[in-house]
Amino acid sequence: MYVLGVETSCDETSVSVTIDGKEVLSNVVLSQIDIHKEYGGVVPEIASREHIKGITYVFDQAMKEAKIEYEDLDLIAVTEGPGLIGSLLIGVNAAKVISLNYHIPIIGVHHITGHIYASNIEHDFEFPLLALVVSGGHTELILMKEHFSFEKLGETQDDAVGEAYDKIARVLGLPYPGGPVVDKMARDGEEEYHFPRPMIDSDDFNFSFSGLKSHVINLNHNMKQRNEEIHIANFCRSFQEAVTDVLVAKTIKAKDQYQVKQVIVAGGVAANSGLRQKMKEQITDVPVYFPSMKYCTDNAAMISAAGYYKYKKEQKYDDFMLNGSSRLEINKEE
Ligand code: KG4
Ligand code: ZN
């Protein structure tokens, strides 16, 4: 099946064509990061406007690179949520236009299922499988017993990991998005400060990052008031060590309890070098897969992949009532 994927949930306008959600013929991503950087974060109104400006070009480019015509498509998969509603609507409506015009069936996809299926593009899933989803909006441990079945084992009770990275970066005066910059600084630093590891020993699979975030922000503030010099790289390294210790410990606990055959890490924070290294060092009994960088952050190939497997499992399409939804549960689709 030729599957068109469309992703516009946040600040990336992306369209992709895959064959059966595995062979990527094109994956065009137009990023708005440089525009939002000026404001220190994504401005929803600007994001919607930029999607409108870029969407036609991105569709055209993805089709051109895939060397097929719209008539050749078998399925259109589009992110229906969660995300910024104004942004989601641009992708959903553009996908509906192509669907209606060329009589191609359409299917709405949950953004996080896309991040998870990014991994299956490069390595076949083996079940049961454990997915750690870490992005700007999500921190979740998800168990999959078969294709397109998602059991949420735990999630953050407050901030998402990526969100905490972005906020720490902001107080340290580093540019947006903070995750990659803090990660880069951390590589040159040492763990000079000892930060808490929230909920590392709790009996559940939940996370909490707001206390750690406040601790780090307060220390930074207090040191500044005392005119003490902050070693930024060491600060970043200490934060990264605390975060990755918790993520890895909880992942290992879930892996052992559910006897999974594979661990995958998904979402923007899966690009983190410290997390990659620690996971690989500490999990040696089953394979741990991270998507390559281009599939870690938001992209439409992962939506195309998830859409294909969703269709295979459910054997049904959406109708033209399909709409964007800023809040959407991952299990709504089962
Ligand atoms: O998945 P994604 O592209 O968008 C969402 O769905 O949220 O993730 C973006 C998030 C941002 O918070 C960004 O700072 C973080 O992923 N991120 C990283 C790294 N690269 C991106 N966080 C830590 N280390 C990185 N290398
Ligand atoms: Zn995402």
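The values are calculated or read from the model by the stated rules, or taken from the named source; none is laboratory data. What you are looking at is a predicted structure, and each value in this text was computed from that prediction instead of being measured. Note that we place each Cβ from the backbone using ideal geometry, even for glycine, and neighbour counts take in every protein chain shown. We work out accessible area using only protein heavy atoms, side chains counted, and drop any ligands, DNA or RNA first. Shrake-Rupley method; radii C 1.70, N 1.55, O 1.52, S 1.80 Å.
Find the accessible area per residue for the chain; the probe is 1.4 Å, ligands and nucleic acids are left out, and the unit is Å².
I get 43 Å² per residue for the chain.
Taking the 0 to 90 degree range and rounding to the nearest ten, how far is the long axis of helix 273-282 tilted relative to the main principal axis of the chain, both from C-alpha atoms?
80
Largest first, what is the accessible-area ranking of Glu69, Glu241 with a 1.4 Å probe? Let's see the in-between values first.
Details: Glu69 115, Glu241 40 Å².
Putting Glu69, Glu241 in descending order of accessible area: Glu69, Glu241.
Show me the ranking of peptides 184-194, 158-168 by mean Cβ neighbours inside 10 Å, starting with the highest.
Numbers: 184-194: 15.6, 158-168: 23.5.
Result, highest mean Cβ count within 10 Å first: 158-168, 184-194.
If you take the C-alpha gyration tensor of the stretch 3-107, multiply each eigenvalue by 5 and take the square root, what semi-axes do you get, largest first, in whole Å?
Values: eigenvalues 118, 39, 24 Å².
The equivalent ellipsoid of the stretch 3-107 has semi-axes of 24, 14, 11 Å.
Suppose R0 equals 45 Å; then what is the FRET efficiency for His231 and Glu122 from their Cβ-Cβ distance, rounded to the nearest 0.05? Before the final figure, lay out the partial values.
Working: r = 37 Å, r/R0 = 0.83.
Working from the Cβ atoms, E equals 0.75.
Can you send over the carbon and sulfur percentage of the accessible area for the chain, probe radius 1.4 Å, protein chains only? Walk me through the intermediate numbers first.
On the way: 6930 of 14200 Å².
Whole-percent figure for carbon plus sulfur exposure: 49.
Need one number: the % of Cα-Cα pairs in the chain sitting beyond the 26 Å mark.
Working: 26138 of 55611 pairs.
In whole percent, the share of Cα-Cα pairs in the chain beyond 26 Å is 47.
How much length would be gained if the chain were fully extended between Asp60 and Gln259, taking 0.36 nm per residue of separation minus their Cα-Cα distance, in nm to one decimal?
Working: separation 199, 0.36 × 199 = 71.64 nm, distance 4.47 nm.
Computed gain between Asp60 and Gln259 is 67.2 nm.
If I fit a long axis through the Cα atoms of helix 44-66 and take the longest principal axis of the Cα atoms of the chain, what angle between them do I get, 0 to 90°, rounded to 10?
Helix 44-66 and the main axis of the chain meet at about 60 degrees.
In the structure shown, do any of Lys145/Lys250; Lys96/Lys316; Lys184/Lys255; Lys22/Lys213 have a Cα-Cα gap over 27 Å, and if so which? Kindly include the intermediate steps, with their values, before the conclusion.
Values: Lys145/Lys250 19 Å; Lys96/Lys316 16 Å; Lys184/Lys255 29 Å; Lys22/Lys213 38 Å.
Listed pairs above 27 Å: Lys184/Lys255; Lys22/Lys213.
About the Cα centre of the chain, what is the dipole size in debye to 20, counting +1 per Lys and Arg Cβ and -1 per Asp and Glu Cβ, all else neutral?
Numbers: 32 positive and 49 negative charges, 58 e Å.
That gives the chain a dipole magnitude of about 280 debye.
Where is the GNM fluctuation largest for the chain (alpha-carbon springs, 10 angstrom cutoff): Val182, Val171, Val265?
Highest fluctuation among the options: Val171.
Would you mind working out the magnitude of the charge dipole of the stretch 125-286 relative to its Cα centre, with +1 at each Lys and Arg C-beta and -1 at each Asp and Glu C-beta, to the nearest 20 Debye? Could the numbers behind the result be given before it?
Working: 18 positive and 24 negative charges, 58 e Å.
Using only the charged Cβ atoms, the result is roughly 280 debye.
Would you calculate the volume per residue, in Å³, of the smallest convex hull containing every Cα atom of the stretch 249-302? Before the final figure, lay out the partial values.
Values: hull volume 4.4 nm³, N = 54.
So the per-residue hull volume is 82 Å³.
Sorting Phe195, Phe127 by accessible area (1.4 Å probe), largest first, what list results? The partial results should precede the final answer.
Details: Phe195 0, Phe127 50 Å².
The ordering from most to least exposed comes out as Phe127, Phe195.
Could you state the orientation-averaged shadow area of the convex hull built on the Cα atoms of the stretch 80-213, in nm² to one decimal? Show your work: numbers first, answer last.
Details: hull surface 45.3 nm².
Dividing the Cα hull surface by four gives the mean projection, 11.3 nm².
Mind giving me the nanometre distance, one decimal, between the label points for Glu191 and Asp20, set 7 Å out from Cα along Cα→Cβ?
Going from the Glu191 label point to the Asp20 one covers 4.4 nm.
Once the mean 1/r over all distinct Cα pairs of the stretch 189-334 is inverted, what Kirkwood radius in angstroms do you read off? Before the final figure, lay out each step's value.
Numbers: mean 1/r = 0.0544 Å⁻¹.
Hydrodynamic radius (Kirkwood, Cα pairs) of the stretch 189-334 is 18.4 Å.
Which angle from 0 to 90°, rounded to the nearest 10, does the C-alpha axis of helix 111-122 make with the longest principal axis of the chain?
Taking Cα atoms only, the helix is inclined about 80 degrees.
What number, rounded to the nearest 500 deg cm²/dmol, is the helix-based mean residue ellipticity at 222 nm of the chain, given -39500 (n - 2.57) per DSSP H run of at least four residues and division by all its residues? Let's see the in-between values first.
Numbers: 11 runs with 150 residues, N = 334.
Per the formula, -14500 deg cm²/dmol.
For the chain, modelled as a GNM with alpha-carbon contacts under 10 angstrom, which of His111, His103, His51 fluctuates the most?
Maximum fluctuation in the GNM of the chain, among the listed residues, is at His103.
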